[in-house]
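The values are calculated or read from the model by the stated rules, or taken from the named source; none is laboratory data. This is a predicted model, so every value here is computed, not measured. Positions of Cβ are backbone-derived with ideal geometry, glycine not excepted, and every protein chain shown enters the neighbour counts.
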Amino acid sequence: DAKSKVHIVYLGEKQHDDPDFVTESHHQILSSVLGSKEDAHDSMVHSYRHGFSGFAAKLTESQAKILADSREVVHVIPDSFYELA
Amino acid sequence: TTRTWDYLGLSVANPKNLLNDTNMGGQVIIGFIDSGVWPESESFNDNGVGPIPSHWKGKCVLGEKFIATNCNRKLIGAKYFINGFLAENEGFNSTESPDYISARDFLGHGTHVASIAGGLFVPNVSYKGLASGNLRGGAPRARIAIYKACWYLERLGTVACSSSDILKAMDEAIHDGVDVLSLSLGAQVPLFPKTDLRDRIATGAFHAVAKGIIVVCAGGNSGPAAQTVLNTAPWVITVAATTLDRSFPTPITLGNNNMILGQALFTGPQLGFTSLVYPENPVSSNETFTGVCERLNLNPNGTMAGKVVLCFTTTTLFTAVSRAASYVKADGGLGLIIARNPGYNLTPCRDDFPCVAIDYELGTDILLYIRSTRSPVVNIQPSRTLVGQPVGTKVATFSSRGPNSNSPAILKPDIGAPGVSILGSTSPDSKSSSKGFDILAGTSMAAPVISGVVALLKALHPNWSPAAFRSAIVTTAWRTDPFGEQIFAEGSSRKVADPFDYGGGLVNAEKAADPGFIYDMGTKDYILYLCSAGYNDSSISQLVGKVTVCSNPKPSVFDVNLPSITIPNLKDEVTLTRTVTNVGPVDSVYKVVVEPPFGVRVVVTPETLRFNSKTKSVSFKVRVSTTHKINTGFFFGSLIWTDSLHNVTIPVSVRTQILQNYYDEN
């Protein structure tokens, strides 16, 4: 099974004011790719739900590609590290 | 910060000033995404601080050694984000790690930057006697909200801030209601190719700015090479580091009574006259010696024992000094004099081991003395603090430079601020802490200076957009030091600073409070930029949350309403537009003064701008053409609008490229 790594799935401006609704929508997007709600829950690292919409999840390259191609996704980028300046 | 605010003209002594006019930023909330905070630090005491602002919706999240009473009316919020870091570092053992799994700061960096921007007054502070004075933040009464997203990775001895954790911190800060977001972080260069929104900080910052939050970022420490500036999105304020008018001269007295003043943070104990050596091959030996700092460990054992060592280096690594010092100590040496390129800001030794930095000229003087006598000796005395003239202001060598490699037509950095040898609060766990304080250097320290200034301006102009604050600090910045002397840009040869070194110049907070007029920007301006940068309609529509169609032909990046004009590829004539909004007296009339870059023609129409009760915003056009016949480098000028009270000045940077998309070795 290809190694999964944290990816940021960026969806742009929020489409709803209720943060819980936004997070639920993230779980739905993720479970549609991973196959089940449990897998989606295990894979989810962060849900971005106040200032903008998106989530961070552990994904394989092929899963990231599937998400990147879906219409509601602006882009999918691998997690990276910043340094203190 | 015991010198920063007096140097910038923001001292409490001035009767009428921004500090007192804004109750020191008392109603403004500054958020920091960093390594946490040491809550017991005196900088975060809430004595004299009023009730928590009503727009605050954040929390004080408990965790390892972080309890509810660690927050107060000053330190009003603390959260930490580690899921991304843990997912990427499965071997991380939180029980063994010296870092705290909470908002508590192990490293000291987060505490330091927070104390620079918003620390309360702490009287009579020094670093082992150096840099003494009153420690305080730019907005001493502003509220502090901590978002810890940077963690110490012991097995690598480094600090890592996962971008997924940073984004979560930004998302929470937007929810919590911070007014200013201060990020002293820099991604590893090279930057993400060509697009800003693939830069994670830029993504979160776009939405923060759209909600009125001012985002201030460090410009990075990869200078003085060009095109190294980080955090280049047009919607954030990107900060370069300058020095203060303060240094730490350290007397080096030679056996022939010559005295040289080097730089160090050496506070003793003094050695007295000690043997001095420059390791080099004596005629009578077949052993190999070297006086190169980073290779001192290759000398035969005992070469440096009981002596002070002179070495030369061309490296600019911050660690050059500490590594050379460790070699000298390992061989029983007693001190180090390191001769290096002027201005490379090297982290001095911190463990009271005398290591003094000088330049090559002075290093050569010492070498000639060593070669002129059989038993050279030297006496290194403790460092002193020298404030004011003749200490000049420079752009720090390490400060990253423009042009903006993502989009050369967007001037970056935006502004300069002191970021060298800044005394602030730190974590007592930090190995360079002295009684909970530390002297640090970096654009990390310069960014919170701007965050503090912007917090004061926000208190004065609560309804301004984030772009308005950027415009105000850029168009009023000092192009000289506060005393009228030129600001040099440290580098492999010093030059007078230009916009790619420090943007509009050195921040002048008092003038920024009343800038005359501003180059304002809002979401439509950022959309214009994104369209000009080639983003497609669907991405932009999702980004802004409503259907957006870029104009066809796509707009020119030169029309992005920035308080600067940067043309990296001028061949034929370029005409661009700027729109300015009056924030001064209702009936104002401004006349244009053009200082064109060498060999460039700049024509502005109209030449007079009139504001009145009905006309708050006006536009003007700028026609730029070149007289050069070759591909040139950048030449710099200014475009000034003056009503005799305000001189609204923007930098103009133009490079002629007769032959476009072309590189040669010239």
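Residue-wise test of (1) of a type outside the set (A, V, I, L, M, F, W, C); (2) over 28 Å from B:His461 (Cα atoms).
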position	(1), (2)
B:Lys546	yes, yes
B:Pro553	yes, yes
B:Tyr590	yes, no
B:Val602	no, yes
B:Ser613	yes, no
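Scanning segment B:83-99 for residues that are closer than 20 Å to B:Ile67 by Cα and either surrounded by 23 or more Cβ atoms within 10 Å (Cβ to Cβ) or among the polar types (S, T, N, Q) (or both) returns B:Ser94, B:Thr95, B:Ser97, B:Asp99.
Return the residues of segment B:511-544 that are over 30 Å from B:Ala459 (Cβ atoms) and of a type in the set (S, T, N, Q); say none if nothing qualifies. B:Ser532, B:Asn536, B:Ser538, B:Ser539, B:Ser541, B:Gln542, listed by residue number.
Scan the strands (runs of 3 or more DSSP E) fully inside segment B:515-629 and keep the ones with 3 or more residues being surrounded by fewer than 18 Cβ atoms within 10 Å (Cβ to Cβ) and without any contact (Cβ under 8 Å) to a residue 40 or more places away in the chain. It would help to see each step written out before you state the result.
On the way: elements: B:565-570, B:574-582, B:588-595, B:600-605, B:608-611, B:617-626.
Qualifying strands (runs of 3 or more DSSP E): B:600-605.
Could you check segment B:478-514 and list, in sequence order, the residues that are of a type in the set (Phe, Trp, Tyr) and in a loop (DSSP other than H, G, I, E, B)? If the condition is that a residue be of a type in the set (Phe, Trp, Tyr) and in a loop (DSSP other than H, G, I, E, B), then B:Phe483 is the only one that fits.
If I ask for residues that are among the polar types (S, T, N, Q), in a loop (DSSP other than H, G, I, E, B) and free of Cβ contacts under 8 Å to residues at least 60 places away in the same chain, which ones from segment B:636-666 would you list?
Selection gives B:Ser644, B:Asn661, B:Asn666.
Checked against the criterion of being of a type outside the set (A, V, I, L, M) and closer than 23 Å to B:Ser399 by Cβ, the candidates B:Thr290, B:Thr250, B:Thr319, B:Thr303 yield just one match: B:Thr319. Condition first: over 16 Å from the mean Cα position of the chain (by Cα) and among the β-branched types (Val, Ile, Thr). Now tell me which residues in segment B:394-420 satisfy that. Hit for segment B:394-420 is B:Ile410, nothing else.
Scanning segment A:5-18 for residues that are among the acidic types (Asp, Glu) and either free of Cβ contacts under 8 Å to residues at least 40 places away in the same chain or more than 11 Å from chain B (Cβ to nearest Cβ) (or both) yields A:Asp17, A:Asp18. Tallying residues that are assigned to a loop (DSSP other than H, G, I, E, B) and under 30 Å from B:Cys531 (Cα atoms) within segment B:365-415 yields 15. Out of the residues in segment B:630-666 meeting the condition of being crowded, with 17+ Cβ neighbours inside 10 Å and of a type in the set (Ser, Thr, Tyr), tell me which one is modelled with the lowest pLDDT. Across segment B:630-666, the extreme among qualifying residues is B:Thr632.
So is B:Leu423 over 20 Å from A:Glu83 (Cβ atoms), more than 14 Å from chain A (Cβ to nearest Cβ), assigned to a strand (DSSP E or B) and within 20 Å of the chain's Cα centre (by Cα) or not? Taking the combined requirement at face value, the residue satisfies it. Screening segment B:184-194 for residues that are within 9 Å of another protein chain (Cβ to nearest Cβ) and at pLDDT below 95 and picking the one that is farthest from B:Thr443 (Cα to Cα) gives B:Phe192. When restricted to residues that are of a type outside the set (Asp, Glu) and under 14 Å from B:Leu156 (Cβ atoms), segment B:82-110 contains 8. Over 29 Å from the mean Cα position of the chain (by Cα), more than 29 Å from B:Gly212 (Cβ to Cβ) and not in a helix (DSSP H, G or I) - does that describe any residue in segment B:54-63? Yes - at least one qualifying residue is present in segment B:54-63.
Look at B:Pro224 and say whether it is more than 30 Å from B:Tyr7 (Cβ to Cβ), at pLDDT below 95 and away from chain A (no Cβ under 14 Å).
So B:Pro224 fails the test.
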